[in-house]
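The following block contains the structure, expressed as structure tokens.
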Amino acid sequence: MSKRVAGCDLGKASASFVLARVDDGGSMVVEDVEYVLHDGKALDRFERWYRDKDVAACAALAATGVYAAELGEPVFVLPEDSCQEAALEMEPGLEESLNLVSIGARGYGVLSRRPSASPLNGGRPSLVYQYLENDKCSSGTGENIQRMAGRFGLTIEEADALALAAENGIPITARCSVFAKSEMTHFANQGQPRGDLFKGYFASVARNTRALLARNEVDGPVYLIGGPSRIRSFKKSFEELLGREVCSPRHSLSFEAIGAGAIAAEQVRNGPVRRLPENPREFIQSRNRRFAVLEPAHRWKDKVTIMAERAAQPESARRPSILGLDLGSTGAKAVLTSVETGQPVLDVYDRTRGNPVDAARRLVETILEHTEPDVRAIGVTGSGREAVATLLRAVFPGNDRIVVLNEIVAHATAANHCNGDSTSDLSVIEIGGQDAKYIRIQGGRIVESDMNKACSAGTGSFLEEQAAFYDVDDIGEFVRLASTASRPPDLGLMCTVYVADAASEALKDGFELADVFAGFQ
């Protein structure tokens with residue numbers, strides 16, 4: 001009598017589910033395969049699949065992936081490389097000597113297989129497997145690729161299409177995802193085409209993958225599995241580095257889940273297995289990680305003065321004014337300031353979207369929708385200032401009323417203007433989308449300044465990305481939630497790749513989303 005078995009791979013960003021049947025001869029036949037993105041709710045998606053597919057009626061269930069550690073007996077929890085080995089064994093047509101490269105949301109690895117020098121009793125060579133994975137940092141993997149594309153307002157598919165169409169790629173450092181983001185933003189603000197950027201970025205990820213493969217490679221073909229295996233530009237660069245074609249096996253997105261199912265089938269063939277319960281919550285168990293609890297920042301809100309926003313005065317904008325443009329890595333701002341009063345009369349905001357020139361155009365269009373300004377001069381600052389200034393000088397050649405300032409000078413000038421006391425000793429701390437700055441002013445002059453030199457960890461873009469990751473699209477709602485937190489967990493002060501992982505663990509430990517948002521800040 002045939003029996004049903006189940007396997008699943010609960011990864012960082014996606015989940016794969018497999019149902020199979022073991023016939024009387026012991027062979028496993030896959031009947032159903034499902035691949036989904038779970039948006040950080042892997043166990044919720046697992047529970048729904050378990051109930052919808054009546055997995056409780058299966059003879060055995062095996063699981064792998066980062067979230068599989070949350071499952072207890074009678075589920076067989078397995079390492080990913082064991083599942084890959086089992087899945088390869090189910091493909092008798094594959095070469096005995098081969099390399100399997102897996103790229104997931106949180107990491108990538110290489111499983112090599114070669115015949116042993118010592119044959120089995122039947123004379124057929126035994127197969128030797130060796131597995132190697134990337135270091136702790138998950139830079140260049142699927143989750144960071146998705147975030148990088150989203151930063152430029154693109155889907156992965158759109159970024160891939162642009163990269164394929166690009167003739168030249170700009171070299172990007174993909175060893176660290178935070179450095180890569182900094183470089184991509186820097187080049188974009190110089191006006192470099194997005195296609196060239198993503199072509200260079202995918203090529204860099206391919207180089208990292210090739211370097212790992214070189215440490216564990218055997219003679220034989222290379223097979224590619226995992227979500228990023230569908231990125232054509234990455235695959236093309238990877239093939240160019242290898243000098244040969246790369247293929248993907250059947251069910252390449254659910255390969256580990258297939259292997260988990262195969263191991264579950266093996267357990268059934270070896271003897272009785274403990275029955276699965278009707279309710280999956282009987283074996284879902286949370287691992288607790290202890291976090292220190294910080295004092296909520298709102299306890300000191302009475303020590304903070306927030307300057308009131310001035311109401312827009314479109315009619316005043318018709319009088320002589322100065323146009324100020326700030327083209328940052330994430331946000332783009334425009335302000336019209338009255339020549340007569342020195343006060344702002346109209347301001348607008350937009351996203352830079354990786355293209356400061358286009359952002360400046362949209363800002364000007366928005367201003368023209370509100371009023372007909374009499375602009376006498378233009379000041380430009382922000383990381384995208386040079387690209388926009390080049391365009392302005394081309395439009396207004398020989399005009400000495402186009403002023404380009406770096407952000408430190410612009411911040412200090414604004415601080416002096418808002419403070420009104422030129423003798424004050426001021427400290428300015430600015431946290432932007434890509435960097436953070438400290439400026440000290442004495443007697444109206446800058447006497448000291450500093451900023452983060454390379455790593456942009458902890459700046460505004462990270463907060464925005466995390467808000468979006470947890471389905472909070474309004475940054476104002478993100479701020480409101482963080483402001484109401486009572487138990488912010490200490491998520492660490494180091495690399496945001498690790499901080500983001502700590503946030504996921506904190507939620508599992510029972511912290512509220514508002515607490516985690518406050519912990520980020």
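Bear in mind that the values in this text are calculations on the coordinates, not laboratory data. In this text, all values refer to a predicted model and were calculated from it rather than measured experimentally. Backbone-built Cβ (ideal geometry, glycine too); neighbour counts: all protein chains shown.
Sorted by packing (mean other beta-carbon atoms within 10 Å per residue), highest first, where do 414-423, 4-13, 400-409 land?
On the way: 414-423: 11.8, 4-13: 26.8, 400-409: 14.5.
Result, highest mean first: 4-13, 400-409, 414-423.
Give the long-range amide H neighbours of Thr64: residues separated by 5 or more places, or on another chain, with amide H under 5 Å away, using H modelled in the peptide plane at 1.01 Å from N.
Result for Thr64 returns Cys8, Asp9, Leu10, Leu78.
Next question, about the same structure. Pulled fully out, how much extra length does the chain show between Lys437 and Arg480, if you take 0.36 nm times their separation in residues and subtract their Cα-Cα distance? Intermediate results must be reported in sequence, preceding the final value.
On the way: separation 43, 0.36 × 43 = 15.48 nm, distance 2.46 nm.
Residue separation times 0.36 nm, minus the Cα-Cα distance, leaves 13.0 nm.
In what sequence, highest mean first, do 271-279, 163-171 appear when ranked by Cβ atoms within 10 angstrom? Let's see the in-between values first.
Values: 271-279: 12.0, 163-171: 15.4.
By packing density, highest mean first, the sequence is 163-171, 271-279.
Of Lys12/Lys236; Lys181/Lys236; Lys181/Lys437; Lys3/Lys41, which ones are farther than 28 Å apart at the Cα? Can you show the working numbers first?
Details: Lys12/Lys236 25 Å; Lys181/Lys236 22 Å; Lys181/Lys437 18 Å; Lys3/Lys41 30 Å.
Lys3/Lys41, as the Cα separations exceed 28 Å there.
Right, here's the next one. With a/c under 1.5 counting as rounded, go ahead and sort the stretch 461-520 into rounded, prolate or oblate using the C-alpha gyration tensor (a ≥ b ≥ c being the square roots of the eigenvalues; past the cut-off, prolate if a/b is larger than b/c, else oblate). If you can, show how the numbers build up before the last one.
Details: a/c = 1.62, a/b = 1.15, b/c = 1.41.
Verdict is oblate for the stretch 461-520.
Amide H neighbours of Leu224 under 5 Å, counting only residues 5+ apart in sequence or on other chains, H built in-plane at 1.01 Å?
Residues meeting the criterion, in which the H sits 1.01 Å from N, are Val101, Cys247, Ser248.
So what are the ³J(HN,Hα) numbers for the stretch 463-475, from phi and the Karplus equation (6.51, -1.76, 1.60; θ = phi - 60°), rounded to whole Hz, Gly and Pro as x?
Taking θ as phi minus 60°, the curve returns 4, 5, 4, 5, 4, 5, 4, 9, 6, 10, 7, 9, 5 Hz for the stretch 463-475.
Relative to the present Cα-Cα distance, how much length would full extension add between Ala312 and His186 at 0.36 nm per residue of separation?
Values: separation 126, 0.36 × 126 = 45.36 nm, distance 3.21 nm.
Computed gain between Ala312 and His186 is 42.1 nm.
In vacuum, with every alpha carbon of the chain counted as one equal point scatterer, what does the Debye formula give for log10 I(q)/I(0) at q = 0.07, 0.08 Å⁻¹? Two decimals, please.
-0.51, -0.64
Hey, got a sec? Which trypsin sites (Lys or Arg not before Pro) in the stretch 285-354 land in a DSSP loop and have at most 15 other Cβ atoms within 10 Å? Walk me through the intermediate numbers first.
Working: sites: Arg287, Arg289, Arg290, Arg299, Lys301, Lys303, Arg310, Arg318, Lys333, Arg351, Arg353; in loops: Arg287, Arg289, Arg290, Arg310, Arg353.
Sparse-neighbourhood loop trypsin sites (Lys or Arg not before Pro): Arg287, Arg289, Arg290, Arg310.
Hey, with R₀ at 45 Å, roughly what FRET efficiency would Lys41 and Leu127 work out to, going by the Cβ-Cβ distance, to 0.05?
0.75
Could you state the orientation-averaged shadow area of the convex hull built on the Cα atoms of the stretch 259-357, in nm² to one decimal? Kindly include the intermediate steps, with their values, before the conclusion.
Details: hull surface 64.3 nm².
Hull-based average projected area comes out at 16.1 nm².
Would you kindly give the portion of the calculated P(r) for the stretch 160-216 that falls above 17 Å, as a percent of all Cα pairs? Before the final figure, lay out each step's value.
Numbers: 587 of 1596 pairs.
Distances greater than 17 Å cover 37 percent of the Cα pairs.
How large is the helix-only mean residue ellipticity at 222 nm for the chain, computed as the sum of -39500 (n - 2.57) over DSSP H runs with n ≥ 4, divided by its residue count, in deg cm²/dmol to the nearest 500? Before the final figure, lay out each step's value.
Details: 15 runs with 181 residues, N = 521.
Calculated at 222 nm, the ellipticity per residue is -11000 deg cm²/dmol.
Given a Förster distance of 25 Å, report the FRET efficiency between Asp450 and Ala414 from their Cβ-Cβ distance, rounded to the nearest 0.05.
On the way: r = 18 Å, r/R0 = 0.73.
The value I calculate is 0.85.
Rounded, prolate or oblate: which one fits the stretch 61-106, using the alpha carbon gyration tensor with axes a ≥ b ≥ c (rounded when a/c is under 1.5, else prolate when a/b beats b/c, else oblate)? All intermediate terms of the calculation are to be shown ahead of the outcome.
Working: a/c = 4.02, a/b = 1.73, b/c = 2.33.
The shape class here is oblate.
Rounded to whole Å, give me the distance from the Cα center of the stretch 422-444 to that of the stretch 70-85.
Using only Cα atoms, the two centres lie 53 Å from each other.
To one decimal place, what orientation-averaged projected area in nm² is obtained for the convex hull of the Cα set of the stretch 95-248?
Numbers: hull surface 37.5 nm².
Averaged projected area of the stretch 95-248's Cα convex hull equals 9.4 nm².
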